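One structure below.
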Number of protein chains: 2
Amino acid sequence: MKKTTVKGTNDYLPEEAKLRDYLQSTILKTYTDAGFERIMTPAVEDIENLDKSDGGDNLNLIFKILKRGDKLDKALSSGDSSNLADMGLRYDLTLPLSRYFANNREKLLMPSKFIQTDRVYRAERPQKGRLREFVQCDIDIIGSSSPSCEIELIHTTAKALLALDMTGFTVKVNDRRILRALLTSCGFEENQLDSVCISFDKLDKIGADGVKAELTDKGFDSAAIESFSNLIANPVTLDDVKDKCGEEAVSGLEFIINASKELAGDKYGIVFDLSLVRGQGYYTGTVFEIVSDKFRGSIAGGGRYDNLIGKFTGENIPAVGFSIGFERIFAILSETDNPIPDAKKKIALLFDKQDTVKAIRAAEKLREHYDVILSEKPKKLSKYLDRLSEKGYYGFCFLDNTDDIRELKA
Amino acid sequence: MKKTTVKGTNDYLPEEAKLRDYLQSTILKTYTDAGFERIMTPAVEDIENLDKSDGGDNLNLIFKILKRGDKLDKALSSGDSSNLADMGLRYDLTLPLSRYFANNREKLLMPSKFIQTDRVYRAERPQKGRLREFVQCDIDIIGSSSPSCEIELIHTTAKALLALDMTGFTVKVNDRRILRALLTSCGFEENQLDSVCISFDKLDKIGADGVKAELTDKGFDSAAIESFSNLIANPVTLDDVKDKCGEEAVSGLEFIINASKELAGDKYGIVFDLSLVRGQGYYTGTVFEIVSDKFRGSIAGGGRYDNLIGKFTGENIPAVGFSIGFERIFAILSETDNPIPDAKKKIALLFDKQDTVKAIRAAEKLREHYDVILSEKPKKLSKYLDRLSEKGYYGFCFLDNTDDIRELKA
């Protein structure tokens, strides 16, 4: 029998599981308090739903579940190996949410404000920081195209991070419609916009000169590149954009940014970032991302996807969501001291077997002030106490004198 | 695209998800407060570990995950269809726990007290009340053969049920060693004991006469059947057993039952039930089960499995566990009124888009007393209010006067 977990998945030790539970329950409480409601969907979905979804690269990363019984026999004898699976593990929570909404629409309030926090699966090539089973924490508002949704999502996501004692972060906001209008005004053609965006998304890494060089390599019109390069040579403000795209186009985004700034106060920053693209193909309008001053990469991301749910319902339903990078936050907080505030000190209560009832009652009293583990007196006491100390226990006591909590040597 | 979930799995509506979260967090808090620690393992396990486990019938119910890339091509071209999967979804939490213990033993305190509450998967034939994806809530103590473990598990499991306001339940306790000794003393042979136990397990359903008839049909020795039938004609007490098996054999069980009775007081019953067998092949000693006065079937079950972990570690490690039937409890509490105590009344705060910031701030104040959903004033107000009422909302207010909470008509 193999002792290790399958590749790309983790066992979590008690102290790790405790931190994960703390993160998840803190995020969930923040979201619930803000008027969002948790829903739950199965980890398995119909294979056709997964295959036909707009998942981009993720479609190559689906874990497929083998058919069973007669259906498997039939598929095997047909010789068609693409037909061996009838289900798959979900690769994100957005496809299940879209299916869920279509399946339960009659029973839901409109607009609906959803929380999803659950496991997803991707057959990634295992490497550091890339898991095949990981948790996502999403909030979504379905059924409203008002910019008040974006404001509520940004405010609530930031609140969850603040509740976890994360500070020094900035919310970047952009709107794909503005970016595309701007690129068009520079002279790029409609069918070139996606490719220009891919290069522009690298601005942080390769700088304005790098973007210009890449666009030139791609062979785009030099006047368009020149016009665009002049524009991005300096940080682009919303006012710059207003001049190019017209006031009306940017007023929605301005409303979102100004309201979010007012709500943020001095706790975190809100900035317009024209170079923010986000990878997902399904975003149709605003996109946002949260970056930390202290850690590389983003810690949350999201945007508006007004066309995705229509794939199930047949009519367009506006939707916008924001997802916290749970595994990223877990990795960051795992490195900090005492990430869980107000945790009680851990002690062991040692007793003899015949006193089990008395020990259970004594432990229940002690638990007002300590985290207490019940433990029959071990044969090798000093070895056991060393182990307690290693595991972060503060002390221990014997049942005959539970007032005498003895501190363990570090 | 298919709107429904795959067979045997469920979408949970917000109110259902809320109840499931309440159940899970209440059980988890009770277990954590009692000194148990949560661990987490992946939902996927190596296919060989699953296939070689002692899972009995469950081995036929494993969802297998198709190999990918070159490995799949190789498996397909070999023509060996038993070799197409490299992983599977876990069918219970006991096999992953055993692997986990073996994998992390060096890092764990001994004995270890574990909580697991997570999803498991079985390819059951879908039928009412049988799910293919469902939640189990287990506590286990690994590394101690002391009967104080059983006492702690029974007390803690009962506490979790009481915390959920479940009353009118009884803990049945037995020990397979006693049952087997008793059957042997009646004249059955070692290799007949499992079969006799299977018949005896039906005592509740078919009565003592039914058990006798079934044993006769099976062709066992008539003197042994007669001796056993006389014994079970009336309820069997621990004292009756003591006469037949000797005092020492029953003292451990007596200790467990007496201590558990003392801890239970008048809150729930503890009874010795000689006919309690439990299906799992891996139980080696005590077995227990909780039944309710109000609902058929068991709501929790467990026992001692001293040989299972040895399959991974190579040396015998004593272990005992108790599992709450989460889906059973969820089904029972779904039928009751107000299963979640002290839930705040739900109201909607209606506002105009330009007042989003003011509305978010007003909602945050109102949330001291109410569950508040923010909602832009809908075009069809009276239709929206009807919907709120249907969804269990108590009332609503407008942003310009949040003191005036208007109650909705039922």
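Principal axis extents of the Cα atoms in chain A, from largest to smallest and rounded to whole angstrom, are 87, 65, 45. In a DSSP loop and with at most 12 other Cβ atoms within 10 Å, the trypsin sites (Lys or Arg not before Pro) in the range A:280-318 are A:K294, A:R296. Which shape class, rounded, prolate or oblate, goes with the range A:345-407 when its Cα gyration tensor gives a ≥ b ≥ c as root eigenvalues, a/c under 1.5 marks rounded, and past that a/b bigger than b/c marks prolate? Oblate, because a/c is 1.5 or more while a/b does not exceed b/c. Residues B:R38, B:R180, arranged from fewest to most other Cβ atoms within 10 angstrom of their Cβ, appear as B:R180, B:R38.
The GluC sites (Glu not before Pro) found in the range A:298-344 that occupy coil by DSSP, while having at most 15 further C-beta atoms within 10 Å, are A:E315, A:E335. Among the trypsin sites (Lys or Arg not before Pro) in the range A:315-404, those placed in a DSSP loop whose Cβ has at most 14 other Cβ atoms within 10 Å are A:K344, A:K379, A:K380. The relative contact order of the range A:274-390 comes to 15 percent, based on Cα pairs under 8 Å that sit 6 or more residues apart.
Cross-link reach is defined here as a Cα-Cα straight distance under 16 Å, omitting same-chain residues fewer than 8 places apart; for B:K52 the lysines meeting it are A:K2, A:K3, B:K64, B:K311. Mean separation of Cα pairs under 8 Å and 6 or more residues apart, divided by the residue count, gives chain A a relative contact order of 16 percent. Based on Cα contacts under 8 Å between residues 6+ apart, the range B:342-410 shows a relative contact order of 40 percent. Averaged over the residues of peptide B:95-108, the number of Cβ atoms from other protein chains lying within 10 Å of each residue's Cβ is 3.
Per residue of A:158-170, other chain Cβ atoms within 10 Å of the residue Cβ number 0 on average.
Shielding of peptide B:184-193 by partners, expressed as the average count of other chain Cβ atoms within 10 Å per residue Cβ, is 0. Span-like helix check, chain A: qualifying full DSSP H segments, with Cα axial length of 20 Å or more and mean Kyte-Doolittle of 0.0 or more, are A:147-163, A:247-264. Restricting attention to chain B, close to 70% of DSSP beta bridges with both partner residues there are antiparallel.
Laboratory data are not the source of any read-out in this text; all were calculated from the coordinates shown. For clarity, every value in this text was computed on a predicted model and none was experimentally measured. No Cβ is skipped: glycine too gets one built from the backbone with ideal geometry, and neighbour counts run over all protein chains shown.
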